[in-house]
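Written below as structure tokens is the structure these notes are about.
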Amino acid sequence: MTPELRYSVLVRDDHRCIGPRIGMPGPCHYALEIDHVRASGGLGIKSPTVLENLVTLCRDHHRLKTEHGRTWRPLELEYLEIVSKGEQLVGWL
């Protein structure tokens, strides 16, 4: 990932973990990480490293999403759809 892309993700996500905004439990801890939302499906194929497939998560929320992707991935995708349209996250904050 280029530094420019990483910066774009952080700016779009207000330099904050999106976990609380999509309903993930618990407070944010540790450094921010950039997460690929769409998974490779276990096929060993890397998912695209593009702005439309990346979100900012703290380490704890990143781990939660990795362990429970079927629960959290749809909400991350909904988040990406909303922010890509420039809409406000009404009721999510």
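The values are calculated or read from the model by the stated rules, or taken from the named source; none is laboratory data. Keep in mind that what you see is a predicted model, and the values were worked out from it rather than measured. With ideal geometry, Cβ positions are generated from the backbone for all residues, glycine too; neighbour counts draw on all protein chains shown. To get the accessible areas, we keep the full protein, side chains included, count just its heavy atoms, and leave off ligands, DNA and RNA. Shrake-Rupley method; radii C 1.70, N 1.55, O 1.52, S 1.80 Å.
Which one is surrounded by the fewest Cβ atoms within 10 Å (Cβ to Cβ), of the residues in the range 13-32 that are among the charged types (D, E, K, R) and over 19 Å from Pro74 (Cα atoms)?
Asp14
State the number of residues belonging to the range 1-60 that are in contact with a Phe, Trp or Tyr (Cβ under 9 Å, 6 or more places away or on another chain), assigned to a helix (DSSP H, G or I) and of a type in the set (A, V, I, L, M, F, W, C).
Adding up the residues that qualify gives 1.
So Tyr7 fits all but one of (1) open to solvent by 70 Å² or more (accessible area, probe 1.4 Å); (2) touching a helix residue (DSSP H, G or I) at 6+ places or on another chain (Cβ under 6 Å); (3) at pLDDT 95 or above; what number is the exception?
Condition (2) is where Tyr7 drops out.
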